[in-house]
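Have a look at the structure below before the remarks.
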Amino acid sequence: MQLTRRIIVMAFAISLGMSQLSAYAETDHKSLQKKLNENQQTIQNKETEKQSVEDEMAKVEKDWDATQSLIQKNKEEISAIEDKIQSTNDLIEKKKEEIVKLEDQVSSREGVIKKRLVAMQKNNQYSFVIETLLNSESIGDLINRIGAVSTLLNADSQLLEQQKADLTKIENDKKEIDRQEKLLETEQQNLENSQVKLRNNLQKKEKDLSDLKTKYADIDKDLSQAEQSKSSIQSQLTKIQDELKSQRAAADAKAAKIQQQKRQQAAEKVSEVKAETAVKTAKTNKTASTENSSKTANTDKTVNTGKAVKAQAPAKKDTASSTSPSGKTFYVSATSYSHEDTSLDVTASGYNIKKNPNMKLIAVDPSVIPLGSKVWVEGYGTAIAADTGGAIKGHIIDVLMPNKKASIAWGRRTVKVTILN
């Protein structure tokens, strides 16, 4: 009887506990279901908002395509301007080289003309011709002398005519270079305007696209959080449903056990012994499980470290234009040298270039640019013509650089020179 009473009390307690647990589980289930419904409504709202943004993106993409067409057109215009600028530069360089050659020819021809004028001044030209003809020994000799004199006179005339033609061509080429340089400035300004227009279009579209991406990312983030919340709630609901099933199964098992215990009332002592044995076995298994758990090694955590890399903006190279001063102006081929390239530290005019490597000084042909002249050199600045050189003949100059590296960087180029005094 005592065992039966005990079994009944245990069944009541178990039933009461299971009922309370089921009530709590049902309450949690309803609360989570409500949250799930609210979360589903949030997801629908976000999806509607996301669709609106996608429609806006489609419109922006259409505008973007139109902008890309405009950008491509600007690129083609810029490419055409750059080609035109290159052609103009090529023409200017060619004209400069032609002027240098003509100036050398004019200089050489000037020496010949000076000698001819001196000879003609010392000996009257017509007296010389008459004397040559009168000294002929025969008619045949007279004819030959007439031909020779005519040839000499024609040669002088052709020389003068060629000199005039070359001087005229030099002046015309200089005018053409000035015209092409002005045209080049105009084309460069057009290029800069096109580039500004292109940059403005790009900046505007990039800003629109950036704002749209930010808005889309925020909506997508909210939607992702709502989806995660929905998944978490569904997981909790599933867990509660599984717990309810487990509790019902446990209650059914307990009820079956109680029925079995009623049928075993005749064997109370045997049942008690079996129960005690089961309890002891459970305690032993629990103790062994605890000891095994205490021997388990802890896992190490690995932290990955990364290196951050900073990006640098390309240095922009500033460009400056210079305007040539007034004075006698012509073009020359310009090379360069430094005190490191020569064993002579003192120039033809007495300047020590080793002690003064940064001074503005050029080596010249004195027949073209007198020593001691103050000159302006395109791309170099104002300098003194204070040195000469074996290879400096005609319209060639050698500019002084502070060191060999700077000299190599200068190279060889055609520049404009103006004699200031």
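Conditions (1) of a type in the set (D, E, K, R); (2) at negative phi; (3) modelled with pLDDT of 95 or more, marked per residue:
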position	(1), (2), (3)
287	no, yes, no
300	yes, yes, no
309	no, yes, no
312	no, yes, no
365	yes, yes, yes
382	no, yes, yes
386	no, yes, yes
| request: Would you be able to tell me the number of residues in the range 89-127 that are farther than 16 Å from residue 416 by Cβ and modelled with pLDDT under 80? | output: 23
| request: Please indicate, with yes or no, whether at least one residue in the range 214-223 is over 30 Å from residue 41 (Cβ atoms), out of contact with any Ser or Thr (no Cβ under 9 Å at 6 or more places or on another chain) and surrounded by fewer than 11 Cβ atoms within 10 Å (Cβ to Cβ). | output: no
| query | Among (1) free of Cβ contacts under 8 Å to residues at least 60 places away in the same chain; (2) in a strand (DSSP E or B), where does residue 371 come up short? | reply | (2)
| Subset of the range 342-368 that is of a type in the set (Val, Ile, Thr) and in a loop (DSSP other than H, G, I, E, B) - its residue that is farthest from residue 393 (Cα to Cα) | 353
| query | Looking at residue 178, is it under 30 Å from residue 52 (Cα atoms) and either of a type outside the set (Asp, Glu) or in a helix (DSSP H, G or I) (or both)? | reply | no
| query | Is at least one residue of the range 42-52 surrounded by 11 or more Cβ atoms within 10 Å (Cβ to Cβ), within 24 Å of the chain's Cα centre (by Cα), in a helix (DSSP H, G or I) and not polar (S, T, N, Q)? | reply | no
| message | Suppose we filter 56, 93, 61 for residues that are touching a Ser or Thr at 6+ places or on another chain (Cβ under 9 Å), assigned to a helix (DSSP H, G or I) and not aliphatic (A, V, I, L, M); which single one remains? | response | 93
| said: So in the range 395-409, with the set limited to residues that are part of a helix (DSSP H, G or I) and surrounded by fewer than 18 Cβ atoms within 10 Å (Cβ to Cβ), which one is farthest from the chain's Cα centre (by Cα)? | reply: 404
| remark: Across (1) more than 30 Å from residue 328 (Cα to Cα); (2) modelled with pLDDT of 85 or more, residue 71 clears everything bar (2)
| request: Report, by residue number, each residue of the range 187-197 that is over 17 Å from residue 72 (Cα atoms) and surrounded by 12 or more Cβ atoms within 10 Å (Cβ to Cβ). | output: 187, 188
| Long-range neighbours under 7 Å by Cβ, at least six apart or interchain, first residue in the same structural domain as residue 105 (by TED's automatic domain parsing) within the range 160-173, second of a type in the set (D, E, K, R) | 163/109; 170/103; 173/95; 173/98
| field | Residue in the range 376-387 that is of a type in the set (S, T, N, Q), exposed (fewer than 14 other Cβ atoms within 10 Å of the Cβ), assigned to a strand (DSSP E or B) and assigned by TED's automatic domain parsing to the domain that holds residue 342 present | value | yes
| message | When you scan the range 343-358, do you find a residue that is farther than 27 Å from residue 93 by Cβ, without any contact (Cβ under 8 Å) to a residue 60 or more places away in the chain and acidic (Asp, Glu), even just one? | response | yes
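The values are calculated or read from the model by the stated rules, or taken from the named source; none is laboratory data. The model shown is predicted, which means the values in this text are computed figures rather than measured ones. Reconstructed Cβ throughout: ideal geometry from the backbone, glycine too, with neighbour counts over all protein chains shown.
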